[in-house]
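Some notes on the structure that comes next.
Derivation of every value follows stated rules applied to the coordinates shown; laboratory data play no part. Remember, it's a predicted structure, so these values are computed and weren't measured experimentally. So basically every Cβ, Gly included, is an ideal-geometry build from the backbone, and we count neighbours across all protein chains shown.
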Amino acid sequence: MFETLSYTVLQQYWWILVSLLGSILVFLLFVQGGQTLIYQLGKTDSDRTLIINTIGSKWEFTFTTLVTFGGAFFASFPLFYSTSFGGAYWVWIIILFAFVVQAVAYEFRSKPDNLLGKRVFDAFLFLNGLLGTILLGAAVSTLFTGSSFIIDSSRHSTWTLASRGLEAALNVQNLSLGLAVFFLSRVLACLYFFKTINNEEIIERTKKHLLYNAIPFVVFFLLFIGLLMFKDGFSVNPATGEIFMQPYKYFHNLIEMPLVLLLFLTGVVLVLTGIILPVISYVKHGEKGIWFSGFGTVIAVFSLFLLAGFNNTAYYPSVADLQSSLTIANSSSSHYTLTAMSYVSLIIPFVLIYIVYIWRIINKKKIDINDIERDHVY
Amino acid sequence: MTQLYDASLVDWSRAQFALTAIYHWCFVPLTLGLSFIVAFMETIYIKTGSEEWKRITKFWMTLFGINFAIGVATGIILEFEFGTNWSNYSWFVGDIFGAPLAVEGLMAFFIESTFVAVMFFGWDKISKKFHLLSTWLTAIGANLSALWILVANSWMQYPVGMHFNPDTARNEMTNFWDVLFSPVAINKFLHTVSSGYVVASVFVLGVSAWFLLKKREIRFAKLSIVVAAVFGIVVSLFIIITGDQSARLMAKHQPMKFAAMENIYEGQRKAPLVVFGVLNKNNTGDLDRNDFSLKLEIPNFLSSMAFLDANAYVPGIRDIAQGDSEHGIMSAAEKIQKGKTAIQALKDYNAAKKANDTTGTKTALSVLQTNYNYFGYGFLTEAKQTIPSVKLTFYSFRLMVALGFWFVILFVLALVFLLHNRIENKRWFFRLAIISIPLAYLASQFGWVVTEVGRQPWVIQDLMPAITAVSNINAGSVKVTFALFAILFTLLLIAEIKIMLKQIKIGPKDGGNS
C-alpha cells in the first residue's frame, strides 16, 4: 500500500503526522498550565491536592506525547533531530530537566519522607508549567524565525552561536508564541477544571483566572500572528532545492493553501468559543469549553505546522547559512523507512480510540476531595 | 562523517550517557518485573475473591507507582540525548535507529501510560475484570517499551538490514524485519527483561522477608514470597538459557568483546573457562598479556560454551588486534587501512559527483562498497584502540553470573522453607534475602557494563567509533550538564529510596488504599 506512494507523498504524510502529534501535545499542555495555577486556585492544602489530582491522572499523556513526538521526529526527519537537539543544546536540556522533575513531583509530593518536601515538588510542577510551555512555544516559533546553524556535505551541523538555542527566547516573535502557549495552557487548564472539579470555591476562582489568562493569550497570539503575516519567509525552489527569502511568505502560504487557512480560522474561532461560552453562562456551557478550545487548539496549531513545512517552505530555516535550511525533502528518512513507519502509523487511530475511551471512564464524573482519599493520591 | 572531536568532549559525553543510563536502569528492572508480579497477584485476587489478595496487590502496586514515575522521568533524557549529545550518530544511523524509538512511543508508551492511570485511579470506576485487564496491559506495555529500545541497542552491536548511502552520508534501512528479528535483538530482549523479572522477584522476596523478620504481616509476606519465588525460579532458568545464547552470539559477532570478557590474549583450542580469577593489572588498550594471580577454571568449557565444540578455537585479544592468518583473522592495522580507504573513497565520490564525473563516481563507489564494512576503523590510528577495558568487563561478567546463581539458590530455599512450613524462624535467611535486594540491582547493572563497556570503542560495531559520533558542542557545556544530571538524579534516587522505605514500613493497609 505505502510502497506505491512517491517519496514526496510519504514525506508529506510524515510531516502531517508529526504536526498532528505536535498539535495534540500543545493541547495536552493544559496539564502544565494547571500546574502553574495550583497556588492561585487552591488556597488550602486540600484544595491544592484536589487540583493536582485532577490533572495528575493526565500528566502521563502529555509526557508520552512529548516522547512520541520526539521519537517520530527522529524516525521521519532525523536531520532535524541531529541539527536542532545537538545545536540548540541548552534550550532542549532545560526543557528536558523541566519534564524530569514533573514526572516525579506528582508521585512523590504527598508521600511521607520524600526528602525535599511538598513545597519543593510543587515548585517543580510550577517550573515545568512555566518553562515547558514557554520554551516549547519558542522552539516551535523558530520554525518561522530561523536558527543559526551550518550543515556540511556530510550532514554534520555546527551551531554558530555560543548561547546554544537560548537566543531564541530573546526574539520578540518567539517569545510572543512562547507566552501565548503559556497563557493558552492556563486557559485550557481552567476549562478542564470546570469539567472535572466539584468544589464551588475553586470554580469561582477559576472563572476569574480564565479571563486573567485569556486576555494575555489573545494579545500574545495576535502579536505572533501579526509578525508572522508581515515577515519575510524561507521559500524553497522546488526545482533546484535552493532556499531564498520571500516577502510575506507565510501570508502567501495561507492564501495558497485554502484548506490550511480554513483549519487555522476554524481553530481560532473554536478556541475563542470555548473561552466565551462559560463566560456567557457557566451553568449552561461551563463543561463544554474544554472541548471547543481543546479541539480548536489542535487544529490551529496543526495548521501552523503545515504553514511552516508545506508549499515549498523550509521548516527549520538557518539564518546563518540559508542553504543549510531544512526542508521536508532534504531532511527526511529514506523511502524505505518512511514506508515501514507508515505501516506502523496505522495503529494511531486505535491508540486514539482507547485513550478517548479510557479518558471518558476516568472522568465520568466530577471529583471532590472525598473521591481522592479513596483512590491513589498525588 | 569525517570529523573527529576532542577527547575531553567525547569522554564527557560518554560519561553523561553512562550516568543517565545507569540511573535509568536503577528503576526500569523493577518496573518490568513488578508489573507482572502485581498482575499475577491481582489475577489471584479476581480468581479467589479474597480481600487479602487485594490488599497484597495494592501494596505492591503502591511501590510500583513510586518506582514507575522515576523510571519514566529518567527515560526521557536518554531518548533526547541521542540528539543533544550524539547528533552525528543520529544522522549516520537515524534512518534505522529512529524507527524503533518511534514505534516504542506509539505502540508501547501509550498502552503503558493509559492503563497505568486506570490501574491507579480505576478501582472504583470500572469492573474488576477490566481493572485486571488494565494491570496486565500496563505490564505488557512496559515490556514492549523495553523490546523496542533493546532492538535499537542490539542493532548498534550487530548492524543488519541496512546499506550505506553515499549521497546522504548515512546508513539506510533495507529490511525492517531483519532489524526487528535479528538473533541478537531477540536474545537481548529476552535476557534483559528476564533480568528485570529476577530483580523484581528478589525485591518482593526481600521486602517480604523484612516483614517476617519484624514479625509483621506474616500471611501477607508468605503469600508474596510464594509469588516471587515461583516467578523467580521460572525466570532464572530463562535468564540462564538466554545468557548462554548471549555469550555464543557475542563470540560470533563481537569476538573482541568476548575475548576481553574472558581475558584471553592468545587464542587457543580447548579453551578453559575461568570461573573466577584475579587479574594482575588494569591493562585497557594494552596488548601485553594480563596474567591471573589466582584462578579457578574448567578445562575445555569455554570452547564448548561459545562454539558448542570442545575443540573449537577461541581467538584472543592479540590475535584479533594483530591478525592471525592461520585462522583467517584480519589485523586491526589492515582494517584501519581499509577504513581509511573507505573514508577517502567517500570523499572522492563526493568530489566526482560535484564535477559530474560519472566514471570517477562509479570507481569511488566501488572502492567504498568493498571497504565499507571497516568504515569505522578509518577513524582509529592504532590496534590497541580496538581493545575495551578487560578488567571491567571480566569482573562485571563474573559478578553478574555469580549473583544470578545466588538468586536461584535464594528462590529455591524460600520455596523449600515455605513448603515445609519452616520459614518463620529462619532469621538468617530473611537477612540474606534483604541484603540480596541491592545485589540484584548490581547484577543487572553489571550486565549492562559488560554489554556497553565491552563494545568500546564502537557506537556502531565496526562502523562508527564514539570519537566521531558526538555532537559538536564544547566540552564545558557537557561537563555542566553532567554535573546537573548527577545532582538531580542523585537527589531523586535518595528521595525514591526514602519514600519506598517509608511505604514499606507503613505496610499494606486494610481496604487497600494505594
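Quick rundown of the values:
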{"read-out": "For a label point 7 Å along the Cα-to-beta-carbon line of A:I348, residues of the stretch B:93-133 with backbone N under 14 Å", "value": "B:102-103, B:105-107"}
{"read-out": "Rg and Dmax [Cα atoms of the stretch B:346-451; Å; Rg one decimal, Dmax integer]", "value": "27.7, 84"}
{"read-out": "Nearby lysines by direct alpha-carbon distance to A:K249 (threshold 20 angstrom, same-chain neighbours under 8 apart not counted)", "value": "A:K231"}
{"read-out": "Cross-link partners of A:K207 among lysines (Cα-Cα below 29 Å; sequence separation of 8 or more within a chain)", "value": "A:K43, A:K58, A:K118, A:K195, A:K284, A:K288, A:K364, A:K365, A:K366, B:K125"}
{"read-out": "Equivalent ellipsoid dimensions for the stretch A:182-236 as semi-axes, Å, which come from the Cα gyration tensor, largest first", "value": "34, 11, 5"}
{"read-out": "Built amide H within the under 5 Å cut-off of B:M330, gap 5+", "value": "B:D324"}
{"read-out": "Karplus (6.51, -1.76, 1.60) ³J(HN,Hα), θ = phi - 60°, over the stretch B:235-251, in Hz, Gly and Pro reported as x", "value": "6, 5, 4, 4, 5, 5, 5, 6, x, 4, 5, 4, 4, 5, 5, 5, 4"}
{"read-out": "C-alpha long axis of helix B:110-121 to longest principal axis of chain B, angle in °", "value": "20"}
{"read-out": "Dipole axis of the protein assembly as shown (+1 Lys, Arg; -1 Asp, Glu on Cβ), positive-most option in B:L296, A:F302, A:Y89", "value": "B:L296"}
{"read-out": "J(HN,Hα) series, the stretch B:37-50, from Karplus relation 6.51 cos²θ - 1.76 cosθ + 1.60, nearest Hz, glycine and proline x", "value": "4, 5, 5, 4, 4, 5, 4, 5, 4, 5, 5, 8, x, 6"}
{"read-out": "Residue-averaged [θ]222 nm for chain A, counting only DSSP H segments that reach four residues, each worth -39500 (n - 2.57)", "value": "-22500 deg cm²/dmol"}
{"read-out": "Cα pair distances exceeding 15 angstrom across the stretch B:103-161, given as percent", "value": "53"}
{"read-out": "Residues B:L432, A:L270, sorted so that the one with the fewest Cβ neighbours within 10 Å comes first", "value": "B:L432, A:L270"}
{"read-out": "Pair B:W406, B:E52: separation of 7 Å Cα→Cβ label points (nm)", "value": "3.2"}
{"read-out": "About the Cα centre, charge dipole magnitude for the stretch B:201-276 (Lys/Arg +1, Asp/Glu -1 at Cβ), debye", "value": "280"}
{"read-out": "Distance in nm between pseudo-label sites at B:I218 and A:D152 (7 Å out along the Cβ direction from Cα)", "value": "7.4"}
{"read-out": "Rounded to 10°, Cα long-axis angle of helix A:7-28 versus longest principal axis of chain A", "value": "20"}
{"read-out": "Residues B:V179, A:V218, sorted so that the one with the fewest Cβ neighbours within 10 Å comes first", "value": "A:V218, B:V179"}
{"read-out": "Selection from B:W136, A:S6, A:F99 lying farthest towards where the dipole of the protein assembly as shown points positive, charges on Cβ", "value": "B:W136"}
{"read-out": "Peptide-level mean, for A:145-156, of C-beta atoms on other protein chains within 10 Å", "value": "4"}
{"read-out": "Radius ratio Rg over Rh of chain B, counting only Cα atoms, Kirkwood formula for Rh", "value": "1.01"}
{"read-out": "Cα-based Kirkwood hydrodynamic radius, the stretch B:276-379, one decimal, Å", "value": "17.0"}
{"read-out": "Proxy reagent accessibility, fewest Cβ within 10 Å first, across B:S134, A:S6", "value": "A:S6, B:S134"}
{"read-out": "Cα convex hull of the stretch B:416-471, projected area averaged across orientations, nm²", "value": "6.4"}
{"read-out": "Radius, Kirkwood style, for the stretch A:1-48 when every pair of distinct Cα atoms is counted (Å)", "value": "13.8"}
{"read-out": "For chain A: relative contact order, % (alpha-carbon pairs under 8 angstrom, 6 or more apart)", "value": "25"}
{"read-out": "Highest to lowest packing among B:492-505, A:167-180, scored as the average C-beta count within 10 Å", "value": "A:167-180, B:492-505"}
{"read-out": "Positive minus negative residues near B:S246 (Lys, Arg vs Asp, Glu; Cβ under 12 Å)", "value": "+3"}
{"read-out": "Rg/Rg_ref, the protein assembly as shown, where Rg_ref = 2.2 N^0.38 Å and atoms are Cα", "value": "0.98"}
{"read-out": "Most mobile of A:E60, A:E200, A:E107 in a GNM of chain A (Cα contacts under 10 Å)", "value": "A:E200"}
{"read-out": "Positive-end extreme of charge dipole, the stretch B:319-456 - chosen from B:L399, B:I435, B:I387 (charges on Cβ)", "value": "B:I435"}
{"read-out": "Long-range amide H partners of B:F276 with built H, under 5 Å", "value": "B:L296"}
{"read-out": "Debye log10 I(q)/I(0) for chain A, one point scatterer per Cα, at q = 0.07, 0.11, 0.12, 0.13 Å⁻¹", "value": "-0.32, -0.78, -0.92, -1.07"}
{"read-out": "For A:A329, residues with placed amide H under 5 Å, excluding near neighbours", "value": "none"}
{"read-out": "Kirkwood Rh, Cα atoms: Rg over Rh of the stretch A:241-378", "value": "1.11"}
{"read-out": "Reach of A:K208 by Cα under 15 Å, taken over aspartates and glutamates that are not fewer than 8 positions away in the same chain", "value": "A:E200"}
{"read-out": "Rounded to whole Hz, the Karplus (6.51, -1.76, 1.60) HN-Hα couplings of the stretch B:385-401, x for glycine and proline", "value": "5, 8, 9, x, 5, 5, 4, 5, 6, 4, 5, 4, 4, 5, 5, 4, 5"}
{"read-out": "Chain B, helix-only ellipticity at 222 nm - DSSP H runs n ≥ 4, -39,500 (n - 2.57), divided by all residues, nearest 500", "value": "-24000 deg cm²/dmol"}
{"read-out": "Degrees separating the helix B:87-103 axis from the principal Cα axis of chain B, which is the longest one", "value": "40"}
